[in-house]
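The values are calculated or read from the model by the stated rules, or taken from the named source; none is laboratory data. In this text, all values refer to a predicted model and were calculated from it rather than measured experimentally. Methodologically, a virtual Cβ is constructed for each residue, glycine included, from the backbone with ideal geometry; neighbour enumeration extends over all protein chains shown. For the accessible areas, the whole protein counts, side chains as well, though only heavy atoms, and no ligand, DNA or RNA atoms are used. Shrake-Rupley method; radii C 1.70, N 1.55, O 1.52, S 1.80 Å.
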Amino acid sequence: SQQGEEDPQALSIQEGENATMNCSYKTSINNLQWYRQNSGRGLVHLILIRSNEREKHSGRLRVTLDTSKKSSSLLITASRAADTASYFCATDLTGANSKLTFGKGITLSVRP
Amino acid sequence: DVKVTQSSRYLVKRTGEKVFLECVQDMDHENMFWYRQDPGLGLRLIYFSYDVKMKEKGDIPEGYSVSREKKERFSLILESASTNQTSMYLCASSATDQPQHFGDGTRLSIL
């Protein structure tokens, strides 16, 4: 079964709006990561948050982690058409060899 | 910047053929990974390697094998290709406890 599951499966917003994506997982983790994938391309790492961290920022991205609820959220502020992509959360259980378990992804469409 | 290079973007092979997918990284990473990505199923780990000549099965290793003779190169082998192995294959590498860096993928079609 999937360790990480994203919600919603698809999201469509207007340019300039904020996009919030959620991820839930089942077991204790070492860290949680968010990746982005443009159509037909490989995944690009966005942000890593460790189990002892609660919030992290990178540019227009804000990630939160609630280990008591086993959930994370990714917020993209002031979205742009270029943010249109699939977004994946991935959990690293041990940190020992960076093995990740990915969710099925969220398709984000940002309308110009 | 880390560069992970997969040998082919698109590949068409026939059922029963032995297929090699090659992946090379230029950052001296210990860990390398092979995934397949299918619509509605997300990324599933086939095999990974945490050192030269070391390999471990992922979630769906059946029908695949791997080879890591040099640190920078990780090969995925389809021993006898079948139509259900038509998929997008993604290679990634990472240092320990660091994010993974992905190649652009190989879209493999088995006819």
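For the reader, a short list of remarks on this structure follows.
- Residue in segment A:46-63 that is closer than 22 Å to B:M88 by Cβ, within 14 Å of chain B (Cβ to nearest Cβ) and either buried (at least 21 other Cβ atoms within 10 Å of the Cβ) or of a type in the set (A, V, I, L, M, F, W, C) (or both) present: yes
- Conditions (1) in contact with a helix residue (DSSP H, G or I) (Cβ under 9 Å, 6 or more places away or on another chain); (2) among the acidic types (D, E); (3) open to solvent by less than 40 Å² (accessible area, probe 1.4 Å): number failed by A:E6: (1)
- Residues (touching an Asp or Glu at 6+ places or on another chain (Cβ under 8 Å), more than 8 Å from every other protein chain (Cβ to nearest Cβ) and polar (S, T, N, Q)) located in segment B:79-111: B:S80, B:S87
- Those residues of segment A:14-50 which are aliphatic (A, V, I, L, M) and under 18 Å from A:T84 (Cβ atoms), in sequence order: A:A19, A:M21, A:L43, A:V44, A:L46
- Single residue of segment A:93-112 satisfying the filter (over 17 Å from A:R36 (Cα atoms) and either part of a strand (DSSP E or B) or of a type in the set (S, T, Y) (or both)) that is nearest to the other protein chains (Cβ to nearest Cβ): A:S98
- Lone unmet requirement of (1) of a type in the set (S, T, Y); (2) touching a Ser or Thr at 6+ places or on another chain (Cβ under 8 Å); (3) crowded, with 19+ Cβ neighbours inside 10 Å; (4) more than 14 Å from chain A (Cβ to nearest Cβ) for B:Y64: (2)
- Residues within segment B:7-41 that are small (G, A, S) and on the phi > 0 side of the Ramachandran plot, tallied: 2
- When each of A:S12, A:S71, A:S28 is tested for being on the phi < 0 side of the Ramachandran plot, open to solvent by less than 40 Å² (accessible area, probe 1.4 Å), touching a residue at least 40 places away in the same chain (Cβ under 8 Å) and away from every other protein chain (no Cβ under 11 Å), the lone residue that passes is A:S71.
- Some residue of segment B:9-25 being out of contact with any Asp or Glu (no Cβ under 8 Å at 6 or more places or on another chain), within 14 Å of chain A (Cβ to nearest Cβ) and assigned to a loop (DSSP other than H, G, I, E, B): no
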